[in-house]
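Remarks on the structure that follows.
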Amino acid sequence: MQKVIALNEFIIQQQQTDYPAAGGNFSRLLHHIGIAAKKVNREVNKAGLIDILGKAGTENVQGEEQQKLDIYANETFMAELQASGECCGIASEENEDLTTFHEGLCSTAKYIVCMDPLDGSSNIDVNVSVGTIFSIYRRKSPIGTPATREDFLQKGTDMVAAGYVIYGSSTVLVYTAGNGVNGFTLDPSIGEFCLSHPNIKTPRSGKIYSINEGYYEKFPMGVKKYIKYCQEKDTATNRPYTSRYIGSLVADFHRNMLKGGLFIYPPTDSHPNGKLRLLYECNPIAFIAEQAGGAAFSDSRRTLDLQPETIHQRVPFYVGSPEMVSKLQEFLKAAKDI
Ligand code: P6P
């Protein structure tokens, strides 16, 4: 019978082989993220049965209506990150300000976390996959003091780890610590995330493009021309491609990473800098994409190279198979959009 490798076992193995000097702090942090994911999974899976569906009647910092599960997920991840004793601060999509922990168990914490606790949550009521996205950095400010904005406004290239949880037909946790990408499927019978997608590598090209074509009229010309390129018939280059757009970043990205494809969220009328947030959506997904052999850009810049200026900053985002990202950039350059 094939040996099942649980997430915690894998984390310790990776620590011993890749980071022998590590003291287990990162492993403990990741373990608590796994616990929070299991708690959120339990509520997402029974959302239709208990009074946790629907709107909370409040708005988040983005002015977006909060779903009850948004708030539950945010509180659950915040509590587990604090309980780990390894996190000294959190930037969350659901909170306008930073949250810092620097006393007691967290007085020696050296990591900060940027997270979207439940991305795509407006899809919950119609049973569409949603996700949690997180990124982990080493703090820059002195240990034992309150985390500062500078701890959070680090470039994506300084990231220690990134991951997401997709709550879909099954619940899968995917993460990278800078040494490849691995996916773990939750086995409800034992309550453990088990290695199911070892060493994920994204295809260099693919047949799937993902974009909300409802905004077509307002897209930059280069994006419009790329969409037409995808729709043209050309057997030599496997076109026409297939349009697949779920409206849930984690679900769209996860499918494209496994099958090959390109996700595009360009500037629009309502979001002239793009809709997706740099710190807790684009950067973690970009890190994972690159570790899987993909590429991620925000207009002309590699997303991970951007210097963040504000916690909830939005950027245009193009991520996926490297040859498809390059082709889109050709159209953007030809149209002088970048
Ligand atoms: P639109 C969900 O609200 C989200 O932040 C991402 O998960 C998703 O990719 C995007 O917004 C969808 O945005 O404008 O197409 O509905």
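Would you confirm, using the coordinates I've provided, whether Gly178 is in contact with a strand residue (DSSP E or B) (Cβ under 8 Å, 6 or more places away or on another chain), on the phi > 0 side of the Ramachandran plot, surrounded by fewer than 17 Cβ atoms within 10 Å (Cβ to Cβ) and touching a residue at least 40 places away in the same chain (Cβ under 8 Å)? Considered against the rule, which asks whether it is in contact with a strand residue (DSSP E or B) (Cβ under 8 Å, 6 or more places away or on another chain), on the phi > 0 side of the Ramachandran plot, surrounded by fewer than 17 Cβ atoms within 10 Å (Cβ to Cβ) and touching a residue at least 40 places away in the same chain (Cβ under 8 Å), Gly178 comes out as yes.
Scanning the stretch 93-125 for residues that are in contact (Cβ under 8 Å) with a residue 24 or more places away in the chain, of a type in the set (S, T, N, Q) and surrounded by fewer than 23 Cβ atoms within 10 Å (Cβ to Cβ) turns up Asn95, Thr100, Ser107, Thr108, Ser122, Asn123. Scanning the stretch 227-249 for residues that are within 16 Å of the ligand (Cβ to nearest atom) and outside any helix (DSSP H, G or I) turns up Ser243, Arg244, Tyr245, Ile246, Gly247, Ser248.
When Asp252, Asp269 are checked against the criterion of being within 13 Å of the ligand (Cβ to nearest atom) and either buried (at least 24 other Cβ atoms within 10 Å of the Cβ) or closer than 26 Å to Ser170 by Cβ (or both), Asp252 stands alone in meeting it. If you filter the stretch 190-215 down to residues that are under 18 Å from the mean Cα position of the chain (by Cα) and loosely packed, with under 14 Cβ neighbours inside 10 Å, you find that the one that is farthest from Leu328 (Cα to Cα) is Asn199. State whether one or more residues within the stretch 231-239 are modelled with pLDDT of 95 or more and touching a helix residue (DSSP H, G or I) at 6+ places or on another chain (Cβ under 6 Å). No, there is no match, as no residue in the stretch 231-239 is modelled with pLDDT of 95 or more and touching a helix residue (DSSP H, G or I) at 6+ places or on another chain (Cβ under 6 Å).
Among residues of the stretch 301-322 that are on the phi > 0 side of the Ramachandran plot, those with a beta-carbon under 7 Å from a residue that is in a strand (DSSP E or B) and of a type outside the set (A, V, I, L, M) at least six positions away or on a different chain give the pairs Gly320/Phe263. Please work out which residue is nearest to Asn179 (Cα to Cα), limiting yourself to the stretch 109-158 and to residues that are among the aliphatic types (A, V, I, L, M) and more than 16 Å from the ligand (Cβ to nearest atom). Only one residue tops the list, namely Ile136. In the stretch 234-248, the residues that are closer than 13 Å to Glu213 by Cβ reach residues that are of a type in the set (Lys, Arg) and within 16 Å of the ligand (Cβ to nearest atom) with C-beta atoms within less than 7 angstrom, at least six apart or across chains, in these pairs: Arg244/Arg255. Cβ separations smaller than 7 Å between residues 6+ apart or across chains give the following pairs from the stretch 12-41 residues that are among the charged types (D, E, K, R) to residues that are at pLDDT 80 or above: Asp18/Asn179; Arg28/Ser84; Arg28/Glu86; Lys38/Leu186; Lys38/Gly191; Lys39/Thr76. Looking at Ser196, Ser243, just one residue is of a type in the set (Gly, Ala, Ser) and out of contact with any helix residue (DSSP H, G or I) (no Cβ under 9 Å at 6 or more places or on another chain), and that residue is Ser196.
The set of residues in the stretch 281-338 being closer than 26 Å to Val130 by Cα, in a helix (DSSP H, G or I), more than 16 Å from the chain's Cα centre (by Cα) and not aliphatic (A, V, I, L, M) consists of Pro322 alone.
The values are calculated or read from the model by the stated rules, or taken from the named source; none is laboratory data. As the structure is a prediction and not an experimental result, all values here were calculated from the model. All Cβ positions, even for glycine, are placed from backbone atoms using ideal geometry, and neighbour counts span all protein chains on display.
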